[in-house]
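What follows is calculated from the coordinates using simple rules that are stated; it is not laboratory data. From a predicted model like this one, the values you see are computed outputs, not experimental measurements. Methodologically, a virtual Cβ is constructed for each residue, glycine included, from the backbone with ideal geometry; neighbour enumeration extends over all protein chains shown.
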């Protein structure tokens with residue numbers, strides 16, 4: 001699960017970066033917020049691969065929080081469901097990683 005989350009985030013924030021730029025512009029969100037979200041997302045993603053489970057939990061909950069904010073933004077601007085599915089899926093995967101990591105503490 002961690003590796004699929006990693007590849008998904010890498011694909012969206014590196015390979016399809018222009019799509020991210022366009023979405024933030026369309027939604028009227030500032031450039032500094034896009035950059036902050038990118039830095040946080042990649043930082044949380046790196047945390048998922050730590051040997052320390054508390055860091056893994058922090059990273060997975062961080063990604064889940066960012067995805068909750070993304071989902072809220074999609075709802076606020078009334079995007080169709082298919083545009084919400086990636087953030088909903090990643091939020092769910094992140095919660096699952098956190099729960100399983102917490103059980104192993």
Going through the stretch 26-55 in order, the residues found to be part of a helix (DSSP H, G or I), more than 14 Å from the chain's Cα centre (by Cα) and surrounded by 13 or more Cβ atoms within 10 Å (Cβ to Cβ) are 53, 55
Given the conditions (1) surrounded by 19 or more Cβ atoms within 10 Å (Cβ to Cβ); (2) under 10 Å from the mean Cα position of the chain (by Cα), every one holds for residue 88 apart from (1)
Q. Of the residues that make up the stretch 63-84, is at least one closer than 19 Å to residue 104 by Cβ, in contact (Cβ under 8 Å) with a residue 12 or more places away in the chain and part of a helix (DSSP H, G or I)?
A. yes
In the stretch 63-78, residues that are surrounded by 16 or more Cβ atoms within 10 Å (Cβ to Cβ) and over 12 Å from the mean Cα position of the chain (by Cα) total 2
Conditions (1) free of Cβ contacts under 8 Å to residues at least 12 places away in the same chain; (2) in contact with a helix residue (DSSP H, G or I) (Cβ under 9 Å, 6 or more places away or on another chain); (3) loosely packed, with under 14 Cβ neighbours inside 10 Å; (4) more than 30 Å from residue 105 (Cβ to Cβ) -> residue 21 fails only (1)
